[in-house]
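Student: Dropping the structure in here first, questions after.
The values are calculated or read from the model by the stated rules, or taken from the named source; none is laboratory data. A quick note: this is a predicted structure, and the numbers were derived from the prediction, not measured. Every residue, glycine as well, gets a Cβ built from its backbone with ideal geometry; the counts of neighbours run over all protein chains shown. Just so you know, the surface numbers come from the protein's heavy atoms only, side chains and all, with ligands and any DNA or RNA stripped out. Shrake-Rupley method; radii C 1.70, N 1.55, O 1.52, S 1.80 Å.
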Amino acid sequence: MMMDDDMEKGGLMPYLDRPRTFPSMRSKPYVPLIFRVLMGINVRVLFVLLLLGFGVVFYVGASTSPIIVFVFSVCIISFIFAIYLCKWVLAKDEGPPEMVQISDAIRDGAEGFFRTQYGTISKMACILALVIFSIYLFRTTTPQQESSGIGRSTSACITVAAFLLGALCSGIAGYVGMWVSVRANVRVSSAARRSAREALQIATRAGGFSAIVVVGMAVIGVAILYATFYVWLGVATPGSMKVTDLPLLLVGYGFGASFVALFAQLGGGIYTKAADVGADLVGKVEQGIPEDDPRNPAVIADLVGDNVGDCAARGADLFESIAAEIISAMILGGSMAQRCKIEDPSGFILFPLVVHSFDLVISSVGILSIRGTRDSSMKTPIEDPMAILQKGYSVTIVLAVLTFGVSTRWLLYTEQAPSAWLNFALCGLVGIITAYAFVWITKYYTDYKHEPVRSLALASSTGHGTNIIAGVSLGLESTALPVLVISVSIVSAYWLGQTSGLVDESGIPTGGLFGTAVATMGMLSTAAYVLTMDMFGPIADNAGGIVEMSQQPESVREITDVLDAVGNTTKATTKGFAIGSAALASFLLFSAYMDEVATFAQVPFKQVDIAIPEVFVGGLLGSMLIFLFSAWACAAVGKTAQEVVNEVRRQFIERPGIMEYKEKPDYGRCVAIVASASLREMIKPGALAIISPIAVGFLFRILGYYTGQPLLGAKVVAALLMFATVSGILMALFLNTAGGAWDNAKKYIETGALGGKGSDTHKAAITGDTVGDPFKDTAGPSIHVLIKMLATITLVMAPIFL
C-alpha cells in the first residue's frame, strides 16, 4: 500500500533512486543508406546538386505542362514548411535525463525493427520486380503502344521502374512517420509538465511534419514520373503516344506503394499489438500494475510498437491511398477526355495532382491554426484536445471547399460543356461531406463522450463475456451508417458527372465515372490534416508511457491520459476516413481495370455477369480471401502475444524482485521476441494477398481458353475484386470500430467511472481491449490496404488474364 501511495505521489522507491537506465536495443544509431550518403557529401556540393536537381525537375515540368510546374512549386514549398515544423519541434526541450533514457530506448527499438523489416520488404520487392519484368516481356501490348513504338521490353522497364519508385517512396514515407514520432514523444512528455495546450501543439506539429512530407512525396512522385515519361516518350508529338494513354504507364507506381504499405501494416500491426496484448494481460490483469509501468518487461516493446505500427505503417498506408487515387483518377480522366474528343485533355488528367497540391496548402493552415496559450500554468483547466483538433479540421474543410471550386474552374472548364466544371465542383463537395461524415460517425462510435462507448463500459460491469458481446454488436452496428454514406456519395457523384453535359461521339453521357473520381479527390482533399490527427495518437500514447515510466507527478499523467484518449479517437476516425477513401478509390481502380482490359482485348468490357458460374465462384473466392486474410492476421498477433505473455510471466517468476523495484526487467528480450515473430508472421497473409488474384486469373484464363470463353479470366478477377472490396469494407469497418470502442471503454473506466482502475469492471474492459487490439491495429488497417492492392495488382497483371 505504501508503494502505491508513493507511486501516486510521484515518489521514487529505492530501486528508482538509482539512475534509471534503459537498454539500447541495438549497438549504434541506424540511419538509412540514402541519408548516410547525403550526410557524407560536402554541404556546398550538396547545395549545388540540389540546385541542379531542382533545375532538371523544373525543366522537365516546363516541357510537360505549366500545371506540372505549379505542382512542383507547391510541393517544394511544402517541404520547406515541413522542415520548419521539424526544427520547431526539435527545438523543444526533452525533459529530465530519465525521460531521455526511456525515449532513447524506444527510438533504438523502433529504428532497429524498421531496418530489419524494410530490409525484408525490399528483398521481396526486388524479387517481385523481376517477376513483373518477366511477365511484361511475354505479355501483349496495346495497339496504342504498338503504334507509338513502345515494345515489350520498354513497357517492362517502365512498369518495373515505376513499381520500384513507388516502393521506395512508400518506404521513405514510412520512415519519416516513424522518425519524427520517436523524437517528438519525449518533447510532448516534457511539455505536459507545463501545459496541456503546449503538449497538444507539439504533438500536432510533429504529426503535421510527417503528414506534409507523406502527401507531398505522393504528389511529387507521380508528377515526376508523369513528366519524365512525357518528355522521354515524346508524348503528343506526331507518331507518338497520346497524352490520354500516358496514365496507364503509372500503374506500377501504385502497385509498388501498395506492396510496401501492406507488409508495413502487417508487420507493424503484429509487432505493436502482440506487445500490447502481452503487456496488458500479465501486467494489468495478473499483476495489477498500471499501464506503462517500468516493472512490466514488455513495456518498451509496447511503446516501440506504437511507432512502427501506428506511425511508420500509417504513413506508408496513406501514401499508397493518395498515389492509387491519383493514378486511377488520371486514367479515368484521360479515358473520358479521349471519348469526348476534348481538345486539351491535360486539365482532366492532371486535376488530381492540383487538388492534392492545394491539400498541402490548406492542411498547413489547419496545422498552424492550433496554437499554444500564453498561460502555461498547470492550474489552468485542461481544454478538450478533440475540440481544438476539430476546429483545425473545420478550418481545413472550409478552405478545401474554396480551393476545390477554384481547381475545377481552372482545369475542368471546357467549351463543349461550359457548366461541367460546376457539376464536378459539386462532386468534390460530395466527397468532402463524405469525409466529414465518416470522421463524425467514427467519432460517435469510438469516443467515450458518446452513448455507444459508455454502454460498452457499462456492459463490462457484469463480466468479461458481456463486454465481448456488447463490443461485437457495436462493431456490427457501426457498419450501417458508413455504408449508407458511401452509397449516397457514389450515386450522387455518378449522377452529377453524368449530367455534366460531357458526351461522346454518339451523344451518350460519359462523365459519371469521372464524377466519382472527383468525389474521391474531394474526400482526400484534406488528407494531410487527417494524417496529422492520426500521427497525433501514437505520439501522445508514447508520451504517456514515458511519463508513467519516469514516475512524473499524477497531474502530468492526467494531461497525457487526456491526450492519449483523444489520440485513440483520432486514430479510429482516421481509420474510418481511410476505409471510406479506400471504398471510393477501389471503385475507381475497378473501373480503370475494366477500361484496361477493354484496351488490351480490343472489345468492350463494361459488365460482369455474376450469373455465370465461374464468375460467381470468383466472387466467392474474393469474399473468402478477406476472411482468411483477417484470420491469419489476427492469429499472427495471438501467436506472438502468447510468446510475450510466457516471457513476461517467466521474468516475474524468476525475478521476484521486479515487483519491489529490486531487480530490473529484461526489456530487450521482449523486443527481440516481437520483432522476430512479426517479421515471420507477416509473410503468410502478405503472400496470400499477392498470389491469390494472379493465380485465380491465370487458372480461369486457361479454363476459358479450353471452353471458348476468351475473357473468362478477366471476368473472374473482376468478380473477385468486386466481392473482395465489398466484403473488405464491411470487415474493416467492423474491426476498426469495435477495437476502438473497446479501447476507449477501458479509458473511460480508467477516468474513475464504474469503479475505476483495478476494479472487476476494469479487468473486464481490459479483456475487451486485448481482443480489440488485433482488430483495430492489425487486421482492420491491413484489409483496406489489401483491397487497394488487389486493385493495383489486377491493373498491372491484367494482360496475363486475357
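Student: If you line up the long axis of helix 196-232 against the longest principal axis of the chain, both from Cα atoms, how many degrees apart are they, to the nearest 10?
Tutor: 20 degrees
Student: Of the listed peptides 298-311, 58-71, 557-570, 195-208, what is their order by residue-averaged count of other C-beta atoms within 10 Å, with the highest listed first?
Tutor: Numbers: 298-311: 30.9, 58-71: 18.5, 557-570: 25.1, 195-208: 26.6.
Ranked by mean Cβ neighbours within 10 Å, highest first: 298-311, 195-208, 557-570, 58-71.
Student: Report, in degrees rounded to the nearest 10, the 0 to 90 angle that the Cα long axis of helix 97-138 makes with the longest principal axis of the chain.
Tutor: 20 degrees
Student: Compute and list, largest first, the equivalent-ellipsoid semi-axes of the range 602-667 from the alpha carbon gyration tensor, each √(5λ) rounded to a whole angstrom.
Tutor: Details: eigenvalues 604, 25, 8 Å².
Ellipsoid half-lengths, sorted descending, are 55, 11, 6 Å.
Student: Compute, for the range 671-752, the length of the dipole vector about the Cα centre, with Cβ point charges of +1 (Lys, Arg) and -1 (Asp, Glu) only. Units Debye, rounded to 20. Don't skip to the end; give the middle numbers.
Tutor: Details: 6 positive and 3 negative charges, 41 e Å.
The dipole of the range 671-752 has a size of about 200 debye.
Student: Just want to confirm a number: the relative contact order over the range 176-224, from Cα pairs under 8 angstrom separated by 6+ residues, in percent.
Tutor: Values: 29 pairs, mean separation 20.1, N = 49.
That works out to 41 percent.
Student: What Kirkwood hydrodynamic radius do you get for the chain when you take the inverse of the mean 1/r over all pairs of distinct Cα atoms, in Å? Show your work: numbers first, answer last.
Tutor: Details: mean 1/r = 0.0375 Å⁻¹.
About 26.7 Å for the chain.
Student: Any idea how far apart I83 and H464 come out in nm if each label point goes 7 Å out from Cα toward Cβ?
Tutor: Spacing of the two 7 Å Cα→Cβ label points: 5.5 nm.
Student: Can you compute the FRET efficiency between E614 and I135 using 1/(1 + (r/R0)^6), with r the Cβ-Cβ distance and R0 = 35 Å? Round to the nearest 0.05. Provide the component values of the computation, followed by the final result.
Tutor: On the way: r = 23 Å, r/R0 = 0.65.
In this case the efficiency is close to 0.95.
Student: Would you compute, from DSSP H runs of 4+ residues alone, the mean residue ellipticity of the chain at 222 nm, taking -39500 (n - 2.57) per run and dividing by the full residue count, rounded to the nearest 500? Provide the component values of the computation, followed by the final result.
Tutor: Numbers: 27 runs with 609 residues, N = 802.
Calculated at 222 nm, the ellipticity per residue is -26500 deg cm²/dmol.
Student: Efficiency by 1/(1 + (r/R0)^6): what FRET value for C126 and K639, r their Cβ-Cβ distance, R0 = 25 Å, to the nearest 0.05?
Tutor: For R0 = 25 Å, the calculated efficiency reads 0.35.
Student: Next up: Pull out a ≥ b ≥ c, the square roots of the eigenvalues of the alpha-carbon gyration tensor of the range 435-499, then state rounded if a/c is under 1.5, prolate if not and a/b is larger than b/c, and oblate in the remaining case.
Tutor: Values: a/c = 6.60, a/b = 2.89, b/c = 2.28.
It is prolate, given that a/c is not under 1.5 and a/b is the larger ratio.
Student: If I model a spin label at K449 and V491 as a point 7 Å from the Cα along the Cα→Cβ vector, what separation in nanometres do I get?
Tutor: Between K449 and V491, the simple spin-label model gives 3.3 nm.
Student: Report P(r) for the range 497-606: all Cα-Cα distances, bin width 5 Å, range 0 to the bin holding the largest distance, values in whole percent.
Tutor: The distribution over the range 497-606 is 2, 11, 13, 13, 12, 10, 8, 7, 6, 5, 5, 4, 3, 1, 0, given as percents.
Student: Past 28 Å, Cα to Cα, is the threshold; run K87/K284; K391/K747; K123/K788 against it and keep the listed order. Working shown, then result.
Tutor: Numbers: K87/K284 38 Å; K391/K747 24 Å; K123/K788 22 Å.
Among K87/K284; K391/K747; K123/K788, the Cα-Cα distance tops 28 Å for K87/K284.
Student: Can you tell me the 0 to 90 degree angle between the C-alpha axis of helix 66-90 and the longest principal axis of the chain, rounded to 10?
Tutor: Taking the Cα atoms of the chain, the angle to 66-90 is about 10 degrees.
Student: Once you have a ≥ b ≥ c as the square roots of the Cα gyration tensor eigenvalues for the range 335-466, tell me rounded if a/c is under 1.5, and otherwise prolate or oblate according to whether a/b is larger than b/c. Walk me through the numbers on the way to the answer.
Tutor: On the way: a/c = 4.22, a/b = 1.89, b/c = 2.24.
Oblate is the answer for the range 335-466, as a/c is 1.5 or above yet b/c matches or exceeds a/b.
Student: Using each residue's phi in the range 578-590, evaluate 6.51 cos²θ - 1.76 cosθ + 1.60 at θ = phi - 60° and report the 3J(HN,Hα) Karplus result to the nearest Hz, with x for Gly and Pro.
Tutor: 5, 5, x, 5, 5, 4, 5, 5, 5, 4, 5, 5, 4
Student: At 0.36 nm per residue, and after removing the present C-alpha to C-alpha distance, how many nm does the segment from A687 to A62 gain when stretched out fully? All intermediate terms of the calculation are to be shown ahead of the outcome.
Tutor: Numbers: separation 625, 0.36 × 625 = 225.00 nm, distance 4.16 nm.
Fully extending the segment from A687 to A62 adds 220.8 nm.
Student: May I ask which residue of Y253, F263, A227 lies farthest towards the positive end of the charge dipole of the range 224-294, with charges of +1 (Lys, Arg) and -1 (Asp, Glu) on Cβ and the Cα centre as origin?
Tutor: A227
Student: Right, here's the next one. I need the calculated FRET efficiency for the pair S394 and F54, taking r as the beta carbon distance and R₀ as 41 Å, to the nearest 0.05. Spell out each step's value before the answer.
Tutor: Values: r = 35 Å, r/R0 = 0.86.
E between S394 and F54, to the nearest 0.05, is 0.70.
Student: I'd like the Karplus ³J(HN,Hα) series for the range 413-418: coefficients 6.51, -1.76, 1.60, θ = phi - 60°, whole numbers in Hz, and an x wherever there's a Gly or Pro.
Tutor: Using θ = phi - 60°, the values come out as 7, 9, 5, 5, 8, x Hz.
Student: E660 versus V483, label points 7 Å from Cα toward the beta carbon: distance in nm?
Tutor: 5.8 nm
Student: Using the heavy atoms of the protein chains and a 1.4 angstrom probe, tell me the accessible area per residue for the chain in square angstrom. Let's see the in-between values first.
Tutor: On the way: 27860 Å² over 802 residues.
That works out to 35 Å² for each residue.
Student: What is the Cα radius of gyration of the range 434-557 over 2.2 N^0.38 Å, N being its residue count?
Tutor: Details: Rg = 21.8 Å, N = 124, 2.2 N^0.38 = 13.7 Å.
Its radius of gyration relative to the 2.2 N^0.38 Å reference: 1.59.
Student: Between rounded, prolate and oblate, where does the range 672-744 land on the alpha carbon gyration tensor, with a ≥ b ≥ c its root eigenvalues, rounded for a/c under 1.5, else prolate if a/b exceeds b/c? Mind showing how you got there, number by number?
Tutor: Numbers: a/c = 7.36, a/b = 1.78, b/c = 4.14.
Note, shape of the range 672-744 comes out oblate.
Student: Evaluate the relative contact order of the chain (contact order divided by residue number), counting alpha-carbon pairs under 8 angstrom at least 6 apart; express in whole percent. Can you show the working numbers first?
Tutor: On the way: 1482 pairs, mean separation 155.6, N = 802.
Contact order relative to length: 19 percent.
Student: Net charge within 12 Å of A324 by Cβ-Cβ distance, Lys/Arg positive one each and Asp/Glu negative one each, not counting A324 itself?
Tutor: Value of the local net charge: -2.
Student: Next question. Counting pairs of alpha carbon atoms under 8 Å apart in space and at least six apart in sequence, what relative contact order in percent does the range 91-222 give?
Tutor: Numbers: 95 pairs, mean separation 42.3, N = 132.
Value for the range 91-222: 32 percent.
Student: Further, regarding this structure: Let me know the charge dipole size of the chain about its Cα centre in debye, to the nearest 20, where only the beta-carbon of Lys, Arg (+1) and Asp, Glu (-1) is charged.
Tutor: Working: 56 positive and 62 negative charges, 261 e Å.
Here the chain has a charge dipole of around 1260 debye.
Student: Going Cα to Cα from K449, which aspartates and glutamates come in below 20 Å? Please leave out same-chain ones fewer than 8 positions away.
Tutor: E383, D384, E477, D534, D541, E558, D561, D564, D743, E750, D769
Student: Leaving out ligands, DNA and RNA, what percent of the accessible area of the chain is carbon and sulfur, probe 1.4 Å? Intermediate values should be presented prior to the final figure.
Tutor: Working: 18230 of 27860 Å².
Answer for the chain is 65 percent, counting heavy atoms of protein chains only.
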